[in-house]
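Below: one structure, written as structure tokens.
Quick note: the coordinates plus some simple rules give every number you see, no bench work behind them. None of these values were measured; they are calculated from a predicted model. All Cβ positions, glycine included, derive from the backbone under ideal geometry; neighbour counts span all protein chains shown.
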């Protein structure tokens, strides 16, 4: 049994009496401990798909099974990192992390929660900033706190919706490597199942075991591609290999062939 | 700041002017209690000098000095127009020294009246907040009740609370309970409205962030919605506080046996305008003081805002 099974998912939206289909008949599955990226151009429904996994949205048709059980609303088995910093502005960094822990571990007392929070803030390199409010932190730092919170909650599944989409290129690279390192771990603990939404092909290749490419109007799965590179991965080494470039070109070709198909192959504006 | 910037200021020149005009003989017959005015001004001057020595930012000192300059200017004009040249009706315009003397000699009575007024305000005001905030959170959060409640509160909140006084007097046994009730109403509606509109305007991303953390309903209301709508709640609280003062002092002038409004009304009925002016100044000081504390609380609770 797969960890997550997405079965014939269809989502229709009605806005101002016009309905459109955000997702149509989307099916794929994700194994336990697998890192899956969902990529596609904007409007392909990848964020809608994730919002259903989060439990914030409900599908019009079809279902998602986690450990064989259909999703009903949000759940403590899933941790979420949004693109737009999801921290609570009235809580300091460590309070934000501790608040997340409190929602999952009901029995843990305050001192212990703060201790765990500090530990995870340390992992993302923010121990000195733990008493700062989000407004006093840069976008990248806020996202580190959000990741620390999601990891500290120690959920089986991690859902990430373009978490580095609004961060400058240099910090994005640093954060990708941090996430890779934290997720791969030292091999002593089982890896979490991750669903990672992005529109950045390099990001998807670096991080994922499998890439699900989606296409827009209506949102459908276009291709599922296994990423053949060994772990632990290292960006600097990986990008130099021939295999990487070959794989990347293949993905790019798929990505743009989909776009060309959509607009009739006449004109491709990149 | 240089020594010159710190101490070489118009305000000190005005201080000396004020002392010098004391050498003009009083034209007003009767006691003018000039020494009280002089001691008051000397006290303010000492404070100004201490402040000048300690403050770090020139902007703050400028502001402080300007305010003190205004006070000195006002007192100088007041002394000249009353005690020194007797330009105004002495019964209506007592000299400042006499006002300060009266304030000092009435110290205990004034203190009791302040206590009475603040006691009523705090009771009605806090009761209003304690009931309106949780109710507003709950109503704002439940979409359907919330939109109905908005209209109801707009209608009921539009009725000026002062018109409830006659009805309140019929309903409730004592003047004090009527005052508390009216202040409660004056606070309740704006705070309820502020809380509800605060909750309804919380950003979706904040709500989603809380939802995916699987928070309970109570946590959602009190740990998320409450802080997220705090700024709007404070707008309501501020409005309630302002109206409460107006209401209480008016109500005290109508039917009370204590309080600052009563103090002012009672003595002006007897033609004792010195005490009337004392009352006006005390009301001003009390309101400024309470607003100051209120602002401090607000700043502290909203310290996370940029």
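Points worth noting:
- Computed lengthening from residue B:292 to residue B:280, 0.36 nm per intervening residue step minus Cα-Cα distance: 2.5 nm
- A convex hull fitted to the Cα coordinates of the stretch A:19-115 yields 154 cubic angstrom per residue.
- Principal-axis tilt of helix A:93-104 within chain A, Cα atoms, nearest 10 degrees: 80
- Within the listed set B:110, B:121, B:285, the residue fluctuating most in the Gaussian network model of chain B (springs between alpha-carbon atoms under 10 angstrom) is B:285.
- 222 nm mean residue ellipticity, helices alone, for chain A (DSSP H n ≥ 4; -39,500 (n - 2.57); rounded to 500): -11500 deg cm²/dmol
- Extension gain for the segment residue B:203 to residue B:268, taken as residue separation times 0.36 nm less the Cα-Cα distance, is 18.1 nm to one decimal.
- Stokes-Einstein D for the stretch A:135-215, Kirkwood Rh over Cα pairs, 20 °C, 1.002 mPa s (µm²/s): 159
- Its DSSP H runs of at least 4 residues, each contributing -39,500 (n - 2.57), put the calculated 222 nm mean residue ellipticity of chain B at -25000 deg cm²/dmol, to the nearest 500.
- Subtracting the Cα-Cα distance of residue A:127 and residue A:200 from 0.36 nm times their residue separation leaves 23.3 nm of extension gain.
- Tail beyond 30 Å, pair distance distribution of the protein assembly as shown (Cα, percent): 67
- On Cα atoms only, tilt of B:96-105 relative to the major axis of chain B in degrees: 60
- Inverse of mean 1/r across different Cα pairs in the stretch B:219-306, Kirkwood, Å: 15.2
- Percentage, to the nearest whole number, of Cα pairs in the stretch B:151-289 over 24 Å apart: 48
- From the largest down, chain A spans 60, 48, 38 angstrom on the principal axes of its Cα atoms.
- Rounded to 0.05, the FRET efficiency of the residue B:305 and residue A:254 pair, given R0 = 56 Å and the Cβ-Cβ distance, is 0.75.
- Shape summary of chain B, radius of gyration then Dmax from alpha carbon positions: 24.8, 80 Å.
- Span from the the stretch A:120-159 Cα centroid across to the the stretch B:63-85 one, whole angstrom: 58
- Inter-chain shielding of B:205-211 (mean C-beta neighbours from other protein chains, 10 Å cut-off): 6
- Packing here is the average count of other Cβ atoms within 10 Å per residue, and on that basis the peptides B:291-301, A:54-64, highest first, run A:54-64, B:291-301.
- Two-decimal Rg/Rh across the stretch B:11-71, once Rg and the Kirkwood Rh are taken from alpha-carbon atoms: 1.08
- Centroid-to-centroid separation of the stretch A:37-98 and the stretch B:125-178 [C-alpha atoms, Å]: 39
- Protection proxy ranking, peptides A:157-163, A:218-224, B:131-137, average beta carbon neighbours within 10 Å, highest first: A:157-163, B:131-137, A:218-224
- On Cα atoms only, tilt of A:242-262 relative to the major axis of chain A in degrees: 60
- Compactness of the stretch B:31-121, expressed as Rg and Dmax over alpha-carbon positions, Å: 16.3, 45
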